Each structure stands twice: as structure tokens, then as C-alpha cells.
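Step one of this worksheet: look at the structure below.
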Amino acid sequence: MKLYTAPYAPNPRRVTMFVAEKRIADLDTISMDLPAGEHRSEAFRAKSPLAQLPVLELEDGRCLTESRAICTYLEALYPDPNLMGRDAFERAFIEMWDRRMELLFSMPLMMWVRHGNPVLAAVERNQNAEVASYNQGQAMRMAKWLNSELADREWIAGDRFTIADITAACGMDFAKMMRWRPGEELSHLRRWRLAIAERPAGQAAA
């Protein structure tokens, strides 16, 4: 299988971290040059019609896009260690938290960076300062709430590391481009991110 990814981009990194945590070694990783528009080529659009990354290309040529879908497929192929739930309730519970982290935390962080950092002007062609400011506010409110949730448990979706932790970490790490990291006022969030750094997922290349 081939995994098409891009350096530092949070959605591809979500899969890269997932692969690292599962210690999957038989993937051929291909890095795409986003600023150069390599992902918009006709050849790549045949794999990803919306020119999005990541893409998982199977040996028979079929392709999967969307990071969550790719992780679901890899979870089925490589069930251990389990990152998405062992039974019906746990799968739903972890997905609930993963969706919260994706839509309410990571997405605002990403939109803040994409619309607020001039380095990304070549990728986000219609940058808007108001969009950046609004999403920054949304992300900071969510960071405070998440910090309070982590006061009495180690990981986001319970007592073990899951895909929800990966999703949140990807958004948070992308926000380093805006020089934001949780400080002492978000001590539980900071402790959580430092714990991830010790894991295979946290040591995966950006």
C-alpha cells in the first residue's frame, strides 16, 4: 500500500501518527509538495478528485481519502493496539470524542492558522483575518474546556490512548505556526501533550 502525505499538514499527520502508534511497517509513504501544487496535478486528482491529502492507495489501485476513513481501514487490518474501540459502546464513545476533537478543537485551530499565517497564503488563497480571529476564539474556548475535562483523567476518551488523542494533538501542533502552546494556565492540557510526546505517535515525523 502507498500512503500519500505532506509534511506538517495536520490531516495527513493524523494518519502518520496512527500508523506509528500501531507500528505498521509495510506502507510506502510518498510526500507531496503542497506549496508547489503537486496535489493538484491531473495524475494525483485521479487518486483524489478533490486534490486532498492524505490518500491511501491499495495494491489493486483503489484509493481511500479522508484521514478518519483511512484510519478505520487500517484499524481493521491491524487491530492491535486498539485505538478505536473494542466493543459497540467503546467504539461509539471514542468516535464521539474524536468528532469533538476534529470539529470543535482541531478544525478551528487549523482555520486560525490557514487564514492567519502569511506562510500559508499559497495554499489558502483567500485568507481572511476575520475568519482567523473567529476561529482563534473558538479554539481557545475549547482548549479551556478540554483542560478541565483532562483534570481527572489521563486521556481524552478515557483511561487509554485513542484516535481522539491523535486528532487533538494534530490540531494543537499545527497551531505552533501561530506560536501557540498550552501554558501553565492550561496545565492539564499541557501535561496531556507532553505524555503524547513519549509515545510512538508523538515521535512520528511531521
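The values are calculated or read from the model by the stated rules, or taken from the named source; none is laboratory data. The shown structure was predicted, so the numbers you read here are calculated from the model rather than taken from an experiment. Ideal geometry is used to build each Cβ from the backbone, glycine not excepted, and the neighbour counts take in all protein chains shown.
Restricting attention to segment 152-170, the residues that are in a helix (DSSP H, G or I) and within 19 Å of Cys71 (Cα to Cα) total 8.
Selection of segment 181-206 for residues being free of Cβ contacts under 8 Å to residues at least 40 places away in the same chain and either outside any helix (DSSP H, G or I) or over 15 Å from the mean Cα position of the chain (by Cα) (or both) yields Arg181, Pro182, Gly183, Glu184, Glu185, Arg190, Leu194, Glu198. Checking each residue in segment 1-53 for being within 20 Å of Gln203 (Cβ to Cβ) and of a type in the set (Val, Ile, Thr) picks out Thr5, Val15, Thr16, Val19, Ile24, Thr29. Can you work out which of the residues in segment 171-180 that are assigned to a helix (DSSP H, G or I) and more than 16 Å from Ala195 (Cβ to Cβ) is farthest from the chain's Cα centre (by Cα)? Among those that are assigned to a helix (DSSP H, G or I) and more than 16 Å from Ala195 (Cβ to Cβ), it is Met178.
Answer yes or no as to whether Arg114 is in contact with a helix residue (DSSP H, G or I) (Cβ under 6 Å, 6 or more places away or on another chain), among the basic types (Lys, Arg) and assigned by TED's automatic domain parsing to the domain that holds Ala157. The answer is yes for Arg114. Residue count for segment 57-96 satisfying the condition of being farther than 20 Å from Asp26 by Cβ and out of contact with any helix residue (DSSP H, G or I) (no Cβ under 9 Å at 6 or more places or on another chain): 9.
Restricted to segment 122-147, and to residues that are in a helix (DSSP H, G or I) and modelled with pLDDT under 95, which residue is nearest to Ala9 (Cα to Cα)? By that ranking, first place goes to Ala122.
Checked against (1) within 16 Å of Pro10 (Cα to Cα); (2) among the acidic types (Asp, Glu); (3) in the same structural domain as Ile163 (by TED's automatic domain parsing), Glu95 passes all but a single condition, namely (1).
Considering segment 114-170, the residues that are closer than 30 Å to Asp33 by Cβ, among the hydrophobic types (A, V, I, L, M, F, W, C) and more than 16 Å from the chain's Cα centre (by Cα) include one that is surrounded by the most Cβ atoms within 10 Å (Cβ to Cβ), namely Ala132.
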